[in-house]
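Have a look at the structure below before the remarks.
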């Protein structure tokens, strides 16, 4: 845990609160529900669509500074902001998969880590895959300068991802936001385990969460745990070392027992599922 002390001191992100932040979240989720992605800066007066400007041009600083190229460049010229090279590498990786989504929904802790909070991830980014939401963690790797002695890997050398199928998450921004934040809480819990136990999750394993409750917000889903695979984003080289994107895919209690007892391997389970989405509505295959 010690290697991230400075990293989290540098993270000043706080949870979205207040009417302005809530309104922005609501707009982005409405755009996603309607089939758009809520791209760019959500400034209705500065671009071509109601949910984002074209190329963040002339947005007046409303974009997320960490993901807006023009904002970052302007800050660098002014000498006020240090470019977060590790974070930028993650952002650029997923912008290749989701072109135009330069300012995705960001789920941040209610109480930042450096202020005594229990959530070690600085944020979870949510990209719109039209039929699913792609959640990506930021904080298990070194987002700013290099601090660990291991030159090969950035921090713990991984970040989590999960693709939540939209069907079954709800129909209103409030319902969907609740489900996304609940999954972000689960990712934070797994991140705490990584930090507390130096437990590095790798592809081709199953994760048994132990309580047997559904992973949806209402705890009614059959999905109670995960299998892991290498996300399509793969392994990327950042200025602070390599980062492997480990994707989590929801599985049922019976499916976990099947893998636990050796009846089916993790890879065979993934092949049988036929998708890397976590689908809260599906029944068990076993």
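Based only on other Cβ atoms within 10 Å, what is the fewest-to-most ordering of 103, 88?
88, 103
How long is segment 126-202 along each principal axis, judged by its Cα atoms, biggest number first, in Å?
47, 23, 21
Under 20 °C and 1.002 mPa s, how fast does segment 152-275 diffuse according to Stokes-Einstein, given a Kirkwood radius computed over C-alpha pairs? Answer in µm²/s, whole number.
So the translational diffusion coefficient is about 138 µm²/s.
Using 7 Å Cα-to-Cβ label points, what is the residue 145/residue 254 separation (nm, one decimal)?
Here the modelled spin labels are 5.5 nm apart.
Nearest 0.05, what FRET efficiency do residue 208 and residue 242 give at R0 = 30 Å with Cβ-Cβ as r?
That pair, residue 208 with residue 242, gives E of 0.65.
Provide the convex hull volume over Cα atoms per residue for segment 213-276, in Å³.
Taking only Cα atoms, segment 213-276 has a hull volume of 112 Å³ per residue.
Each reported figure results from applying straightforward, stated rules to the coordinates on display, with no laboratory input. Computed from a predicted structure; not experimentally measured. Note: ideal-geometry Cβ built from the backbone for every residue, glycine included; neighbour counts use all protein chains shown.
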